[in-house]
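Presented below is the structure to which this report refers.
The values are calculated or read from the model by the stated rules, or taken from the named source; none is laboratory data. Since the model is a prediction, treat every value here as computed from it, not as a measurement. With ideal geometry, Cβ positions are generated from the backbone for all residues, glycine too; neighbour counts draw on all protein chains shown. Keep in mind that these areas ignore ligands, DNA and RNA; they rest on the heavy atoms of the full protein, side chains included. Shrake-Rupley method; radii C 1.70, N 1.55, O 1.52, S 1.80 Å.
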Amino acid sequence: MTMLNKVPPGPPSRPFLANFWDFRNDPTGYLLRVAREYGDVCSLNTPPEQVFLVNHPELIKEVFTTLNQYMIKGRALQRAKAFLGEGLLTSEGELHRRQRRLAQPAFHRQRIATYADTMVELAFRYRQRLVDGQQVDMAQEMTSLTMSIVAKTLFDADVEDESGQIGRALTELVRAFNLMILPFADLVQKIPLPGVNRFRRACGLLDEIIYGIISERRAKGVDRGDLLSMLIIAQDEEGSGGMTDQQLRDEVMTLFLAGHETTANALTWTWYLLAKHPEIERKLHEEIDSVLSGRRPSFDDVKRLKYAEMVLAESMRLYPPAWAVGRRTLVDVTLGDYLIPAGSLIIVSQYVMHRDARYYPEPEKFDPERFTAQAQAARPKYAYFPFGGGVRQCIGESFAWTEGVLLLATIASRWRFELVDEHVEPEAVVTLRPKNGCRMLVRERG
């Protein structure tokens, strides 16, 4: 028997889907344990499908690049079509390539530079509303703020008044996602269970808001130079007259949800980590004070706020908003020494790779110095991939880095935050969220 015919090592098969339930109850912990015990390519033994965990930078590079043409998105994102439709995150093949080409200009550097003023203005307004000694749920605060920023910059819409409703609807979608990735979920979704009903109501609310934005924009017929204008005026290659409302809805829903949820989580975990590491917080404050001298930050300051970017990068190493990526093989493929059969699910996990001691000594330690230019150059590219990789790499990566640094600098120039409860538990659903929020006390900097 040749090596290519062998099944990768992994936890032994157990009855009653025991491995699957271990994974579902603690996805990140389970994957981390398996990778550390069984190596770079592992078989998870989670019937009814074959699932393989890949945990080496060079093999992850193959999944994202060389082998990408032989794969489609995994079960989770296939099921996400229930609320995202055929948007950038879920579409495949030529449809995805076309939609990405249409959306790409909205994320060019020059365009992001024009968004920066809006990011800072909305962050400044938020900063002004805070009160010393006030208790806040930082997860809700950052969700509301980043939601307003994405709506205004990409769709020129004001959703501040509706942010509470939208936030609750998004939470319902995230919670329902656990149900949607279960075996036989297609059948479960047809049963009027409470969770299914809440999911449908959440989808209905978001559809109402997004279709309202689209309808208003079509009626006015004004090109505002934002992403939604680009999508509305785009003519498809078959000459059918442009995108339907359904196509627009799918793209707006995808970019609206993905565009704020990931940054909100990244910033929430950053405030959490800064509160637990006052010496790093002090160093961040020193840089902000030195660079800004009391003024608001601008787009040109992003490249000068090096330590702020390192803090954000290290936060996303420990708590990557997108904690895993799944790919379904369309044909047999070879990874390392193993043959992966067609129809298998391949998982690469940012959470696992970012905690690999081969590339991050003391991997559980919060240390922004891991992201100096020299330290980054010494690591393989795919030892760190919070925004994915290859042709499916997140289209909004530059947007997210700019927003994260500017919001961090704007808010931290006046405020710091203390944890109400030292223990904040991560919950790995669509993204890596704080399970029960992140309660913090607002403190004015001395």
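Within the range 61-85, can you find the residues that are at pLDDT 85 or above and over 18 Å from the mean Cα position of the chain (by Cα)?
Lys61, Glu62, Val63, Thr65, Thr66, Leu67, Asn68, Gln69, Tyr70, Met71, Ile72
Would you check if there is a residue in the range 374-382 being under 18 Å from His56 (Cβ atoms), under 23 Å from the mean Cα position of the chain (by Cα) and aromatic (Phe, Trp, Tyr)?
Yes, the range 374-382 contains at least one residue that is under 18 Å from His56 (Cβ atoms), under 23 Å from the mean Cα position of the chain (by Cα) and aromatic (Phe, Trp, Tyr).
Quick check: anything in the range 373-384 in contact (Cβ under 8 Å) with a residue 40 or more places away in the chain and under 15 Å from Leu273 (Cβ atoms)?
Checked the range 373-384: no residue is in contact (Cβ under 8 Å) with a residue 40 or more places away in the chain and under 15 Å from Leu273 (Cβ atoms).
Show me the helices (runs of 4 or more DSSP H) entirely contained within the range 274-387 in which 2 or more residues are surrounded by fewer than 18 Cβ atoms within 10 Å (Cβ to Cβ).
It comes to 278-292, 373-377.
Can you pull out the residues in the range 200-223 that are buried (at least 17 other Cβ atoms within 10 Å of the Cβ) and of a type in the set (Lys, Arg)?
Of everything in the range 200-223, just one residue is buried (at least 17 other Cβ atoms within 10 Å of the Cβ) and of a type in the set (Lys, Arg), namely Arg217.
Among the numbered criteria (1) open to solvent by 50 Å² or more (accessible area, probe 1.4 Å); (2) more than 23 Å from Val391 (Cβ to Cβ), which one does Arg109 miss?
(2)
Looking at Val150 and the list (1) crowded, with 22+ Cβ neighbours inside 10 Å; (2) of a type outside the set (D, E, K, R); (3) under 16 Å from Ala412 (Cα atoms), which single condition is not satisfied?
Status for Val150: all satisfied but (3).
Answer yes if at least one residue in the range 5-26 is at negative phi, hydrophobic (A, V, I, L, M, F, W, C) and modelled with pLDDT of 95 or more, and no otherwise.
No, there is no match, as no residue in the range 5-26 is at negative phi, hydrophobic (A, V, I, L, M, F, W, C) and modelled with pLDDT of 95 or more.
Give the range 34-60 a look and list any residue that's in a helix (DSSP H, G or I), buried (at least 18 other Cβ atoms within 10 Å of the Cβ) and in contact with a Gly (Cβ under 9 Å, 6 or more places away or on another chain), or say none.
Across the range 34-60, the qualifying residues are Val34, Leu59, Ile60.
Only residues that are open to solvent by 20 Å² or more (accessible area, probe 1.4 Å), closer than 14 Å to Thr90 by Cα, modelled with pLDDT of 85 or more and within 14 Å of the chain's Cα centre (by Cα): list them for the range 246-267, please.
Selection gives nothing.
Please go through the range 10-33 and give me each residue that is outside any helix (DSSP H, G or I) and touching a strand residue (DSSP E or B) at 6+ places or on another chain (Cβ under 6 Å), ordered by number.
Gly10
Against the condition surrounded by fewer than 21 Cβ atoms within 10 Å (Cβ to Cβ) and hydroxyl-bearing (Ser, Thr, Tyr), how does Thr114 come out, does it pass?
yes
Is there any pair with a first residue in the range 329-347 that is within 15 Å of Phe64 (Cβ to Cβ) and at pLDDT 95 or above and a second that is among the aromatic types (Phe, Trp, Tyr) and open to solvent by 20 Å² or more (accessible area, probe 1.4 Å) whose Cβ atoms are under 9 Å apart and which are 6 or more apart or on different chains, and what are they?
That search, which allows pairs on different chains as well, returns Thr329/Tyr70; Val333/Tyr70.
Select, from Asp161, Asp132, Asp156, the only residue that is charged (D, E, K, R), touching a Lys or Arg at 6+ places or on another chain (Cβ under 9 Å) and either more than 27 Å from Asp300 (Cα to Cα) or open to solvent by 60 Å² or more (accessible area, probe 1.4 Å) (or both).
Residue meeting the stated conditions: Asp132.
Between a residue in the range 58-75 that is more than 21 Å from Val430 (Cα to Cα) and any residue that is in a helix (DSSP H, G or I) and small (Gly, Ala, Ser), which pairs come within a Cβ distance under 7 Å, given they are 6 or more apart or on different chains?
Thr65/Gly390; Asn68/Gly390
Can you pull out the residues in the range 77-95 that are farther than 23 Å from Glu208 by Cβ, touching a residue at least 12 places away in the same chain (Cβ under 8 Å) and either in contact with a Pro (Cβ under 8 Å, 6 or more places away or on another chain) or in a helix (DSSP H, G or I) (or both)?
Leu77, Gln78
Residue-wise test of (1) surrounded by fewer than 22 Cβ atoms within 10 Å (Cβ to Cβ); (2) among the basic types (Lys, Arg); (3) more than 24 Å from Leu77 (Cα to Cα).
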{"residue": "Val391", "(1), (2), (3)": "yes, no, no"}
{"residue": "Glu403", "(1), (2), (3)": "no, no, yes"}
{"residue": "Ala409", "(1), (2), (3)": "no, no, yes"}
{"residue": "Ala412", "(1), (2), (3)": "no, no, yes"}
{"residue": "Val429", "(1), (2), (3)": "yes, no, no"}
{"residue": "Arg433", "(1), (2), (3)": "no, yes, no"}
{"residue": "Arg439", "(1), (2), (3)": "yes, yes, yes"}
